[in-house]
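Participant: Input: one structure, supplied below.
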Amino acid sequence: MQKYFFYLEFLQKPLQIIFLEEVKNELADTVNYDNNQNNGLEYEFAVEVKITIDRIIQYPDA
């Protein structure tokens with residue numbers, strides 16, 4: 001299990017995001033598949049995942 005910790009200055013508390021092993025494997029499989037299908041698609045997917053994580057950090061109670 002991989003854990004990511006982010007500090008939210010405006011909330012003055014840490015936020016912990018945990019990726020289960022299955023999720024981590026699924027993300028890696030998707031990136032590898034996208035890489036084989038279309039050069040650059042894996043990068044676009046990774047960017048979208050990062051944007052989603054950023055939204056979770058920005059709106060943790062949503």
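Quick note: the coordinates plus some simple rules give every number you see, no bench work behind them. Computed from a prediction, not measured in an experiment: that's the story for all the values here. Quick reminder, even Gly has a Cβ in these numbers, built from the backbone with ideal geometry, and neighbours come from all protein chains shown.
Participant: Just rank Thr30, Thr52, fewest to most, by other beta-carbon atoms within 10 angstrom.
Facilitator: By the 10 Å Cβ count, ascending: Thr52, Thr30.
Participant: Let me ask something additional. Taking amide H atoms as placed 1.01 Å from N in the peptide plane, list the residues 5 or more away in sequence, or in a different chain, whose amide H sits under 5 Å from that of Leu15.
Facilitator: Phe6, Tyr7, Leu8
Participant: Can you tell me how segment 21-62 classifies by the Cα gyration tensor, rounded, prolate or oblate, using a/c under 1.5 as the rounded cut?
Facilitator: oblate
Participant: Ok, one more. Going by how many other Cβ atoms sit within 10 Å of their own, how do Asp54, Asp34 line up, fewest first?
Facilitator: Asp54, Asp34
Participant: Please arrange Tyr59, Tyr33 by counting, for each residue, the other beta carbons lying within 10 Å of its beta carbon, fewest first.
Facilitator: Ascending Cβ contact count within 10 Å gives the list Tyr59, Tyr33.
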